[in-house]
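The values are calculated or read from the model by the stated rules, or taken from the named source; none is laboratory data. In this text the structure is predicted, and so the values were computed from the model without any measurement. Cβ coordinates were reconstructed from backbone atoms using ideal geometry, including for glycine residues, and neighbour counts include every protein chain displayed. Please note that ligands, DNA and RNA were not included when accessible areas were found on the heavy atoms of the full protein model with its side chains. Shrake-Rupley method; radii C 1.70, N 1.55, O 1.52, S 1.80 Å.
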Amino acid sequence: MEILSMRELLEFCEKEQKTIGETMLMLEEKKSGRDQQTILRMMEERLIKMKEAVDIGTKDSSPAPSGISGGDAVKMGEYVKSGKPLTGSYISQAMTFSLATSESNARMGVIVATPTAGAAGILPGVLFSLHQNDGTPFKDLVMGLFTASMLGYVIANRSFISGAAGGCQAEVGSAAAMAAGTITELKGGSPQQAVHATAIAMKSLLGLVCDPVAGLVEVPCVKRNAIGTSIAFSAADLALAGVESRIPCDEVIEAMYKVGKDMPRTLRETALGGLAVTETGLKVKERLFCSKK
Amino acid sequence: MEFQSCFDIIGPIMVGPSSSHTAGVVSIGKFIYELLDGCPEEADIIFYDSFAETYQGHGTDKALLGGLLGMGTDDPGIRHALQLAHKSGLDYTIEPQGSCLFFDHPNTTMVTAKRGDHLVKVGGASLGGGLSKIFMINGRMVDIRLSTSDDFSALAKNYQVYRLREEIARNA
């Protein structure tokens, strides 16, 4: 058993009457030789670590060692409590949890890469926001991680998931696409709808460059994680409304791959282009590294 | 087909800030630790391309040294790996370079490490999402995929025949 494209995934789900998450669980059983209980327990462990990172991050307002990130999760959390967020409860809480995770990551705290550390805020953001807002139970969130990993598995094997290889579109883009499909499946959407949500989210981030200031996974990464959750929720809402991606998801992934290949080295996590070489970006780099030499 | 498992996508559980520049590099270091049956006394590290440009910001140096000291990707000690290397008597040098001749990937490193009589020169690449690959050991091309859920000790055992005695390696 192997699944190499979204088309194959949807054919399998249709034939076997399985969700995307259940399909990943089956595939993992077949490929790893581990039994289902063990695989579920390993995924639970990851969800628990994700929750711990969120819990730490929502309370910790200390800056990262660089001084260029930290404190925004606490700020956002207080604003959400005030009850006035324009984006509503789902997205505003997802942004808070996402900031919390990404800020913990910048402090060299323990997080779970989903699919990478640079994009680690997006999935916990949406999952724990679903739990907070409509009580989605723990075991459903675990299944959500199987949905997310199935979608990410196809993306990673057909394209890339790291900023150094394909720009931020490959990193935050992939994570937001996985999260969009996951929300859709958890909210009762069909596998087709989940894959449309994945395509819609990925299309919205196509071309995004990886330009971290001073090479740190902080500016603009932390906020791009927060915004990634809102794109995931928006794409899921569109798909659940029955809106379809005109370009099939496999072709969107192929486009992401080609755009990434065409992207100059300066815009692929080398900190030699984009926001990294703005006046302020360069000043930060000089303050952090050049003064030490 | 580099990604073989749902845990290659959801995971590893790791110390931040970067799965490719931190976690994947811990695995490369840990593989070398296992290859040498312990922590090396000397390590000359070359970082290529994206690693060369951003290793300080991503803690890539701490990650590689943490791995060489035997740590896993989720070990909070990685934060203090520079000091811990010093305490453990691991002498190291770091040299940033352009692109790597032997492997076409932006996140590539070459580590020459010595422990006792043994010397190994290992090429590794971090492929993203915490997944890595060892592509060269002492001048031989290899293809060893490292996922954090693998048993590195067992994997490395298969390649210990590639280790060279120091004087032979220096002259090779």
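The table for this structure:
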{"item": "Segment B:79-152 versus segment A:123-197: alpha-carbon centroid distance in Å", "result": "31"}
{"item": "Anisotropy class of segment B:1-141 from Cα gyration tensor, a/c 1.5 cut", "result": "rounded"}
{"item": "Folded to 0 to 90 degrees: helix A:191-205 orientation relative to chain A principal axis, Cα", "result": "20"}
{"item": "Gain upon complete extension [A:GLU52, A:GLU251; 0.36 nm per residue less C-alpha separation]", "result": "68.0 nm"}
{"item": "Only Lys, Arg (+1) and Asp, Glu (-1) charged, at Cβ; segment A:71-142 dipole about Cα centre in debye", "result": "80"}
{"item": "Selection from B:PHE135, B:GLN56, B:VAL26, by position along the positive dipole direction of segment B:1-148 (Cβ)", "result": "B:VAL26"}
{"item": "Per residue accessible area in Å² of the protein assembly as shown, where ligands, DNA and RNA are left out and the probe is 1.4 Å", "result": "39"}
{"item": "Nearest-ten-degree value, helix A:249-262 long axis tilted from longest Cα axis of chain A", "result": "30"}
{"item": "Karplus 3J(HN,Hα) series, Hz, for segment A:233-241 with 6.51 cos²θ - 1.76 cosθ + 1.60 (x for Gly, Pro)", "result": "5, 5, 5, 5, 4, 4, 5, 5, 6"}
{"item": "Selection from A:SER62, A:PHE12, A:THR96, by position along the positive dipole direction of segment A:1-132 (Cβ)", "result": "A:SER62"}
{"item": "Listed residue (A:VAL259, A:LEU186, A:VAL243) projecting farthest to the positive dipole end of chain A, Cβ model", "result": "A:VAL259"}
{"item": "Sequence-distant residues sharing a close amide H with A:ALA120 (under 5 Å, placed H)", "result": "A:THR114"}
{"item": "Long-range HN-HN contacts of B:TYR92 with modeled amide H, under 5 Å", "result": "B:ALA43"}
{"item": "5 angstrom amide H check on B:GLY70, placed H, neighbours 5+ away", "result": "none"}
{"item": "Segment A:55-134: C-alpha gyration tensor shape, a/c 1.5 cut-off, then a/b vs b/c", "result": "oblate"}
{"item": "Accessible heavy-atom area order of A:PHE138, B:PHE152, highest first, probe of 1.4 Å", "result": "A:PHE138, B:PHE152"}
{"item": "Highest-first arrangement of A:78-88, A:272-282, where packing means the average Cβ count within 10 Å", "result": "A:272-282, A:78-88"}
{"item": "Distance (nanometres) between label positions extended 7 Å along Cα→Cβ at B:ARG165 and B:ASP91", "result": "2.2"}
{"item": "Phi-based couplings in Hz for segment A:64-77 (Karplus 6.51, -1.76, 1.60; Gly and Pro marked x)", "result": "5, x, 6, x, 9, 8, x, x, 6, 5, 5, 4, 5, x"}
{"item": "In the A-B interface, the accessible area buried, summed over both sides, Å² (probe 1.4 Å)", "result": "3500"}
{"item": "A:ASP140/A:GLU78 FRET efficiency (R0 22 Å; Cβ-Cβ; nearest 0.05)", "result": "0.15"}
{"item": "Distance between modelled label sites at A:SER32 and A:ALA241, nm, 7 Å Cα→Cβ extension", "result": "3.8"}
{"item": "Rounded accessible area of B:ARG79 (nearest 10 Å², 1.4 Å probe)", "result": "100"}
{"item": "MRE, 222 nm, helices only [DSSP H, n ≥ 4, -39500 (n - 2.57), over chain A, to nearest 500]", "result": "-21500 deg cm²/dmol"}
{"item": "Value at 222 nm in deg cm²/dmol, rounded to 500, when DSSP H runs of n ≥ 4 in chain B each add -39,500 (n - 2.57)", "result": "-8500 deg cm²/dmol"}
{"item": "Gyration tensor verdict on segment B:66-138 (Cα atoms; rounded if a/c is under 1.5, prolate if a/b is larger than b/c, oblate otherwise)", "result": "oblate"}
{"item": "Förster radius 35 Å - calculated FRET efficiency between A:LYS15 and B:LEU155 (Cβ-Cβ, nearest 0.05)", "result": "0.45"}
{"item": "Debye, to nearest 20: dipole size of the protein assembly as shown, +1 on Lys, Arg Cβ, -1 on Asp, Glu Cβ", "result": "680"}
{"item": "Debye intensity ratio I(q)/I(0), log10, the protein assembly as shown, q values 0.07, 0.12, 0.13 Å⁻¹ (C-alpha model)", "result": "-0.32, -0.96, -1.12"}
{"item": "Student exercise, chain B dipole from Lys, Arg, Asp, Glu Cβ charges, in Debye to nearest 20", "result": "200"}
